[in-house]
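Below: the structure, in structure tokens.
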Amino acid sequence: MLPYFDQDHLALQSRVRAWVDKHLLNRAEEADVEAAARRLVKELAREGFVAYVTPKRFGGVRETIQSRDWCVLREELARGSALADTMLGMQALGSYPITLAGTDDQKQRYLPPVARGEAIAAFAVTEPEAGSDISAIQTRAVKRGKEYCLNGIKRFISNAGIAHIYVVFASTDPGKKAKGLSAFVVEGDNPGLVLKEKTRVISPHPIGVIAFEDCIVPESNRLGQEGDGIKIALDTLDTLRCTVAAAALGFGQRALEEALRHSQKRRQFGQELAQFQGIQFKLADMATELEAARLLVYHAAWSHDRGEDFKRQSSMAKLYATEAAQQIVDQAVQIHGGIGVVVETPVARLYNDVRALRIYEGTSEIQKLVIARSLLNSLGVKREG
Ligand SMILES: Cc1cc2nc3c(=O)[nH]c(=O)nc-3n(C[C@H](O)[C@H](O)[C@H](O)COP(=O)(O)OP(=O)(O)OC[C@H]3O[C@@H](n4cnc5c(N)ncnc54)[C@H](O)[C@@H]3O)c2cc1C
């Protein structure tokens with residue numbers, strides 16, 4: 001893990017790993033995903049893990065947020081449970097815009113309850129017509145005196161219906177497209193915020209469609225100035241991307257462990273699967289891909305924490321680690337043969353759990369655009385669009 005991590009990170013890693021081994025590795029999936037999600041936030045907070053998502057002044061652990069803490073937490077949690085990783089990741093994603101752009105009052109009000117696991121956080125960008133293209137957001141926030149009135153629909157919102165606070169991106173000036181976006185904190189019990197649908201995805205994940213129906217939000221809940229929304233959203237996503245990549249490492253690690261275990265246990269043609277060179281080659285490729293992904297992820301997180309420009313590295317880490325994890329999990333399923341697709345076996349679960357990582361917080365294709373644009377910009381190449 002060195003040289004990217006110091007003793008604090010390593011201590012955190014052993015603590016989370018031990019907790020995951022004891023409490024998550026053999027936990028059965030619950031039918032009621034929302035109840036499981038709520039309970040996990042409490043458990044993770046009790047262990048002090050959620051406190052890493054906010055700065056010390058606002059209930060957190062460190063003076064400033066460290067991407068390496070988030071990566072360590074997400075890698076270890078994802079090894080044990082996709083839902084645990086999601087809940088930790090969402091506490092970070094839904095609160096980081098407040099850490100980034102909130103006033104002291106906003107931070108004092110919203111961050112400590114998130115750090116204590118008393119408030120569940122959500123981040124609402126995506127809409128039916130605005131997925132990869134954030135500039136197409138149609139949710140409107142119209143100013144009326146000291147308030148805004150929000151109208152619009154957001155879909156694929158993690159924690160929809162169970163969140164206590166939603167950071168919502170809406171247009172205050174549609175003529176300016178992306179530059180007309182503003183960010184607001186909307187409280188979960190606001191009567192104008194309506195849960196329209198719970199969406200079932202292939203991995204346990206509380207998610208759904210929400211609507212803003214004449215939803216009145218005080219001006220004091222706007223983050224930053226009008227028009228700051230796009231910067232707040234992109235800066236948040238840049239930071240979180242490499243932590244999604246860290247979660248991919250956790251899934252990949254678990255898949256490798258399961259494949260190693262099974263290949264030493266299962267015998268065919270009079271010997272263990274692990275004795276066949278064909279299987280050994282698969283295991284070697286899986287481990288090598290995982291190690292390469294780790295270096296990209298840790299390097300991106302380390303660059304973030306040093307205050308360097310890490311945007312390209314964060315996209316590379318997400319692109320590479322999520323694609324690699326998908327391949328690693330697929331190979332683990334293959335090594336398990338039929339058992340690999342039996343519902344509820346660890347590798348079958350991983351197969352479903354890993355898939356969305358190549359889609360959310362910027363698809364693999366969008367990561368390639370970010371990387372290419374950064375390369376071309378660094379060469380001073382002018383581009384269209
Ligand atoms: C499990 C899950 C959780 C999520 N949680 C949240 C959340 O909490 N908050 C939130 O706001 N959103 C959330 N999302 C939404 C997620 O961020 C979007 O699904 C994602 O950004 C892609 O948008 P889309 O689904 O509309 O796909 P589209 O944008 O329609 O893309 C469809 C396909 O076209 C490709 N494509 C699009 N544009 C280009 C281009 N310019 N060049 C090449 N290819 C392109 C994409 O890569 C993709 O393969 C979540 C999604 C999932 C699956």
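Being out of contact with any Gly (no Cβ under 7 Å at 6 or more places or on another chain), open to solvent by less than 10 Å² (accessible area, probe 1.4 Å) and under 30 Å from GLU257 (Cα atoms) is a property that holds for ASP69.
The one condition from (1) closer than 22 Å to VAL41 by Cβ; (2) open to solvent by less than 20 Å² (accessible area, probe 1.4 Å) that ALA211 does not meet is (1). Figure legend. Inter-residue proximity from region 273-289: first residues in the same structural domain as GLU257 (by TED's automatic domain parsing), second residues among the aliphatic types (A, V, I, L, M) and not in a helix (DSSP H, G or I), beta-carbon distance below 7 Å, spacing 6+ or different chains. No pairs are indicated.
Take the conditions (1) surrounded by fewer than 15 Cβ atoms within 10 Å (Cβ to Cβ); (2) more than 24 Å from the chain's Cα centre (by Cα); (3) within 16 Å of the ligand (Cβ to nearest atom); VAL142 misses just one of them, which is (3). With respect to VAL347, determine if the residue is modelled with pLDDT of 95 or more, open to solvent by less than 20 Å² (accessible area, probe 1.4 Å) and either within 16 Å of the ligand (Cβ to nearest atom) or of a type outside the set (Ser, Thr, Tyr) (or both). Against the criterion (modelled with pLDDT of 95 or more, open to solvent by less than 20 Å² (accessible area, probe 1.4 Å) and either within 16 Å of the ligand (Cβ to nearest atom) or of a type outside the set (Ser, Thr, Tyr) (or both)), VAL347 qualifies.
Taking TYR166 as the residue in question, decide whether it is touching a residue at least 40 places away in the same chain (Cβ under 8 Å) and more than 16 Å from the ligand (Cβ to nearest atom).
Values: touching a residue at least 40 places away in the same chain (Cβ under 8 Å): yes; more than 16 Å from the ligand (Cβ to nearest atom): no.
Against the criterion (touching a residue at least 40 places away in the same chain (Cβ under 8 Å) and more than 16 Å from the ligand (Cβ to nearest atom)), TYR166 does not qualify.
Considering each residue of region 23-41 in turn, at least one proves to be under 22 Å from ARG68 (Cα atoms), open to solvent by less than 60 Å² (accessible area, probe 1.4 Å) and part of a helix (DSSP H, G or I).
Kindly check whether there is at least one residue in region 238-246 that is surrounded by fewer than 20 Cβ atoms within 10 Å (Cβ to Cβ) and among the acidic types (Asp, Glu). Within region 238-246, none of the residues are surrounded by fewer than 20 Cβ atoms within 10 Å (Cβ to Cβ) and among the acidic types (Asp, Glu).
Please determine whether any residue of region 194-207 is on the phi > 0 side of the Ramachandran plot and open to solvent by 10 Å² or more (accessible area, probe 1.4 Å).
Within region 194-207, not a single residue is on the phi > 0 side of the Ramachandran plot and open to solvent by 10 Å² or more (accessible area, probe 1.4 Å).
Hey, any hits in region 46-58 for a residue that's in a loop (DSSP other than H, G, I, E, B), touching a residue at least 24 places away in the same chain (Cβ under 8 Å), farther than 25 Å from ILE207 by Cβ and open to solvent by 10 Å² or more (accessible area, probe 1.4 Å)? Yes, because at least one residue in region 46-58 is in a loop (DSSP other than H, G, I, E, B), touching a residue at least 24 places away in the same chain (Cβ under 8 Å), farther than 25 Å from ILE207 by Cβ and open to solvent by 10 Å² or more (accessible area, probe 1.4 Å). Of all residues in region 359-374, those satisfying the criterion of being open to solvent by 80 Å² or more (accessible area, probe 1.4 Å) and over 27 Å from GLU258 (Cα atoms) are GLU365, LYS368, LEU369, ARG373.
For the residues ALA325, ALA300, ALA287, ALA356, the requirement of being over 26 Å from GLN268 (Cα atoms) and open to solvent by 10 Å² or more (accessible area, probe 1.4 Å) singles out ALA356.
Are any of the residues in region 78-100 closer than 24 Å to ARG200 by Cβ, without any contact (Cβ under 8 Å) to a residue 12 or more places away in the chain and outside any helix (DSSP H, G or I)? No, there is no match, as no residue in region 78-100 is closer than 24 Å to ARG200 by Cβ, without any contact (Cβ under 8 Å) to a residue 12 or more places away in the chain and outside any helix (DSSP H, G or I).
The combined condition, being farther than 20 Å from LEU237 by Cα, open to solvent by 20 Å² or more (accessible area, probe 1.4 Å), β-branched (Val, Ile, Thr) and away from the ligand (no atom under 16 Å from the Cβ), is fulfilled by VAL61.
Checking the stated criteria, ASP235 turns out not to satisfy the condition of being more than 30 Å from VAL329 (Cβ to Cβ) and in the same structural domain as ALA130 (by TED's automatic domain parsing). Out of the residues in region 85-134 meeting the condition of being open to solvent by 40 Å² or more (accessible area, probe 1.4 Å) and more than 9 Å from the ligand (Cβ to nearest atom), tell me which one is nearest to LYS177 (Cα to Cα). Only one residue fits best here, namely LEU100.
The values are calculated or read from the model by the stated rules, or taken from the named source; none is laboratory data. As the structure is a prediction and not an experimental result, all values here were calculated from the model. Cβ atoms come from the backbone with ideal geometry, glycine included; neighbour counts cover every protein chain shown. We work out accessible area using only protein heavy atoms, side chains counted, and drop any ligands, DNA or RNA first. Shrake-Rupley method; radii C 1.70, N 1.55, O 1.52, S 1.80 Å.
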